[in-house]
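What follows is a short report on a single structure.
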Amino acid sequence: MSVCEEMKTPYFLINLNRVEQNYTTFNNAIERNNRKDIIAYSIKANYDRNIIDKLKHMGAYFEICSNFEFNKLCEYEVDLKKVIINGLFRSKNEIMNYIDNGSLVIFDTISQLRWIQNIDYPIQIGIRLNIDYIKNDDSLYGCKISRFGIDVRDNEIFDLIQKNKNIMITCLHCHFSGNSRDPLIYAAITTELCRIIRENRLSSVKMIDIGGGYKIAPQFWSFNDYVHTVTSTLVKQAMEHLTVIYEPGNSLVRTSCSYITKIIDEKNMNGISYLTVDGTRLHLSPKNERNKFDYKVKQQQDGIIVSKQLIVGSTCKESDIILELNNIKRLSVGETIQFDNLGAYLINEISDFLMHKPEIYYCDQCGCELEERN
Ligand SMILES: *Cc1c(COP(=O)(O)O)cnc(C)c1O
């Protein structure tokens with residue numbers, strides 16, 4: 001029996017080739033625009049060790065926000081000089097540990113800056129800016145306001161920094177993607193960061209970090225749409241010398257992972273066909289916030305059309321209803337259902353509540369690709 005056949009449902013199947021393809025497509029877009037920019041994978045999207053290893057070997061940088069994530073990257077032997085920390089820091093010592101290891105620390109509050117204001121050796125830092133005041137177009141941004149960053153209109157940041165010649169600001173950062181995630185949002189961020197650099201004569205700034213949130217799909221945008229928009233904005237601003245840091249999370253890993261669960265029981269009641277699977281909705285939407293999944297089912301060739309089939313999980317929760325299938329051919333016990341595009345955020349959020357966390361397998365363990373069904 002092959003490893004593939006021994007895989008016990010329900011399970012996650014990770015296809016590392018997809019991660020590689022996504023990273024390569026992004027990197028090619030950067031090269032095609034004649035740029036040498038940085039892709040820093042935001043590991044909170046999925047810190048599976050094999051995913052991090054794959055990206056590490058491809059030359060990626062990594063973006064993190066916590067000491068927990070920093071320790072993960074240390075454990076995975078990532079080069080700490082390729083780590084960007086958008087911190088929620090608890091002490092000066094924590095910050096100095098990151099800086100002394102060569103990571104780029106991005107400050108989020110004035111108080112954090114005060115911790116280092118008397119530093120007596122040269123350090124290079126980044127600052128995260130809150131530029132919510134540019135969100136004047138509801139169709140692009142919605143009404144989301146951000147709690148992160150320092151308001152640039154608070155002049156104290158520049159006073160603080162300019163008082164100590166040892167502190168060199170090399171990077172300005174900003175992360176938000178509004179409702180639409182339109183490349184135009186990143187053009188607006190880039191324009192504003194360039195303006196801030198110019199008007200405050202921040203000649204030490206060599207990088208702008210425009211955050212993540214890219215929506216990559218055929219019906220939305222490509223990596224090249226984002227890179228091209230940002231690159232042409234830099235040209236317009238006469239700031240091509242700046243290196244751009246992109247922080248994709250979701251867009252690098254979303255397509256890399258599927259969930260496979262098997263139908264183990266069926267019954268009919270009140271005109272509804274209930275098909276119980278060995279998995280649970282808790283594995284697909286732990287916080288119960290999703291109402292749409294990308295899924296593939298195998299319909300029996302000669303099956304009769306059933307008006308309403310409910311795919312339900314094997315837990316005691318009434319709410320454990322995964323799919324409602326209307327007017328398709330009958331599904332039956334023994335069939336598997338595959339849910340796709342689950343590589344971002346989900347796996348880290350699953351708990352052992354009511355059912356064990358599913359096993360994770362990798363396509364290269366069994367030589368299979370994710371099953372392509374129609
Ligand atoms: C979460 C996060 C990202 C990644 O966002 P995605 O929507 O997953 O691309 C990038 N930068 C920062 C600062 C983040 O908090």
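Whether any residue in the stretch 161-176 is assigned by TED's automatic domain parsing to the domain that holds Val230, within 16 Å of the ligand (Cβ to nearest atom), farther than 24 Å from Ala238 by Cβ and not aliphatic (A, V, I, L, M) is what I want to check.
yes
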* Could you give every pair whose Cβ atoms fall below 6 Å, whose first residue belongs to the stretch 30-49 and is more than 14 Å from Gly249 (Cα to Cα) and touching a residue at least 60 places away in the same chain (Cβ under 8 Å), and whose second residue is among the acidic types (Asp, Glu) and more than 9 Å from the ligand (Cβ to nearest atom), counting only separations of at least 6 or pairs across chains? -> Ile30/Asp37
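Would it be correct to say that Tyr226 is within 30 Å of Arg32 (Cα to Cα) and out of contact with any Cys (no Cβ under 7 Å at 6 or more places or on another chain)?
yes
State yes or no: is Phe89 within 16 Å of the ligand (Cβ to nearest atom), assigned to a loop (DSSP other than H, G, I, E, B) and closer than 17 Å to Gly126 by Cβ? Walk me through how you get there before you give the answer.
Details: within 16 Å of the ligand (Cβ to nearest atom): yes; assigned to a loop (DSSP other than H, G, I, E, B): yes; closer than 17 Å to Gly126 by Cβ: yes.
Yes: the conditions hold for Phe89.
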* To do: Please find, within the stretch 307-339, the residue that is nearest to Phe12 (Cα to Cα) out of those that are part of a strand (DSSP E or B) and in contact with a Gly (Cβ under 8 Å, 6 or more places away or on another chain).
  => Ile322
* Exactly one of (1) within 30 Å of Asn97 (Cβ to Cβ); (2) touching a residue at least 60 places away in the same chain (Cβ under 8 Å) is unmet by Phe68. Its number? -> (2)
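Would you point out which residue out of Lys135, Lys165, Lys144 is basic (Lys, Arg), under 27 Å from Gly249 (Cα atoms) and surrounded by fewer than 16 Cβ atoms within 10 Å (Cβ to Cβ)?
Values: Lys135 fails: surrounded by fewer than 16 Cβ atoms within 10 Å (Cβ to Cβ); Lys165 fails: under 27 Å from Gly249 (Cα atoms).
None of the others qualify; the one that does is Lys144.
Residues are listed down the side, and each one gets a yes or a no for (1) closer than 30 Å to Thr190 by Cβ; (2) in the same structural domain as Met355 (by TED's automatic domain parsing); (3) buried (at least 21 other Cβ atoms within 10 Å of the Cβ):
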{"residue": "Phe223", "(1), (2), (3)": "yes, no, yes"}
{"residue": "Val230", "(1), (2), (3)": "yes, no, yes"}
{"residue": "Gln237", "(1), (2), (3)": "yes, no, no"}
{"residue": "Leu310", "(1), (2), (3)": "no, yes, no"}
{"residue": "Gly313", "(1), (2), (3)": "no, yes, yes"}
* Structure fact -> In the stretch 52-66, anything surrounded by fewer than 18 Cβ atoms within 10 Å (Cβ to Cβ) and within 15 Å of the ligand (Cβ to nearest atom) is listed as Ser66
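Looking at the structure I just gave you, is Leu323 more than 28 Å from the chain's Cα centre (by Cα) and either within 30 Å of Phe62 (Cα to Cα) or outside the structural domain of Tyr186 (by TED's automatic domain parsing) (or both)? Break it down into steps so the answer makes sense when it comes.
Values: more than 28 Å from the chain's Cα centre (by Cα): no; either within 30 Å of Phe62 (Cα to Cα) or outside the structural domain of Tyr186 (by TED's automatic domain parsing) (or both): yes.
Considered against the rule, which asks whether it is more than 28 Å from the chain's Cα centre (by Cα) and either within 30 Å of Phe62 (Cα to Cα) or outside the structural domain of Tyr186 (by TED's automatic domain parsing) (or both), Leu323 comes out as no.
Sort out which residues of the stretch 259-298 are more than 18 Å from Thr336 (Cβ to Cβ) and assigned to a strand (DSSP E or B), and write them in order of number.
The initial filter retains those residues of the stretch 259-298 that are more than 18 Å from Thr336 (Cβ to Cβ), namely 267-272, 282, 285-292.
Result: Lys267, Asn268, Met269, Ile272.
Could you please give the count of residues in the stretch 258-273 that are polar (S, T, N, Q) and either within 16 Å of the ligand (Cβ to nearest atom) or surrounded by fewer than 22 Cβ atoms within 10 Å (Cβ to Cβ) (or both)?
So the first thing to find is which residues in the stretch 258-273 are polar (S, T, N, Q), and the list is 258, 261, 268, 270, 273.
Pick out the ones that are also either within 16 Å of the ligand (Cβ to nearest atom) or surrounded by fewer than 22 Cβ atoms within 10 Å (Cβ to Cβ) (or both) and you get 268, 270, 273.
Going through the stretch 258-273 one residue at a time, the tally reaches 3.
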* **Verdict on Ile189 being within 14 Å of the ligand (Cβ to nearest atom) and not in a loop (DSSP other than H, G, I, E, B)** => yes
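Among the residues of the stretch 183-214, which ones are of a type in the set (Asp, Glu) and modelled with pLDDT of 95 or more? So that I can check it myself, show each step before the final result.
Of the residues in the stretch 183-214, the ones of a type in the set (Asp, Glu) are 192, 199, 209.
Within the stretch 183-214, Glu192, Asp209 meet the criteria.
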* Asked: Among the numbered criteria (1) surrounded by 15 or more Cβ atoms within 10 Å (Cβ to Cβ); (2) more than 16 Å from the ligand (Cβ to nearest atom); (3) not in a loop (DSSP other than H, G, I, E, B), which single criterion is violated by Thr9?
  -> (3)
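In the stretch 70-86, what residues are closer than 15 Å to Ile106 by Cα and assigned to a helix (DSSP H, G or I)? Give the derivation first.
From the stretch 70-86, those closer than 15 Å to Ile106 by Cα are 70, 80-86; that's our starting set.
The answer is Phe70, Leu80, Lys81, Lys82.
Tell me, please, whether a residue that is modelled with pLDDT of 95 or more, away from the ligand (no atom under 15 Å from the Cβ) and under 17 Å from Cys174 (Cβ atoms) can be found in the stretch 247-257. Reasoning before the result, please.
We begin by selecting, within the stretch 247-257, every residue modelled with pLDDT of 95 or more; these are 247-257.
With the extra rule that they be away from the ligand (no atom under 15 Å from the Cβ), the set shrinks to none.
So far as the stretch 247-257 goes, no, none of its residues is modelled with pLDDT of 95 or more, away from the ligand (no atom under 15 Å from the Cβ) and under 17 Å from Cys174 (Cβ atoms).
Within the stretch 39-50, which residues are out of contact with any strand residue (DSSP E or B) (no Cβ under 7 Å at 6 or more places or on another chain) and within 15 Å of the ligand (Cβ to nearest atom)? First the steps, then the outcome.
Start the filter on the stretch 39-50 by keeping residues that are out of contact with any strand residue (DSSP E or B) (no Cβ under 7 Å at 6 or more places or on another chain), which leaves 44-47, 49.
Residues satisfying the conditions are Lys44, Ala45, Asn46, Tyr47.
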* Taking Asn118, is it surrounded by fewer than 18 Cβ atoms within 10 Å (Cβ to Cβ), away from the ligand (no atom under 16 Å from the Cβ) and at pLDDT 95 or above? -> no
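The values are calculated or read from the model by the stated rules, or taken from the named source; none is laboratory data. Source: prediction; values computed, not measured. Here the Cβ is made from the backbone with ideal geometry for all residues, glycine too, and neighbour counts use every protein chain on show.
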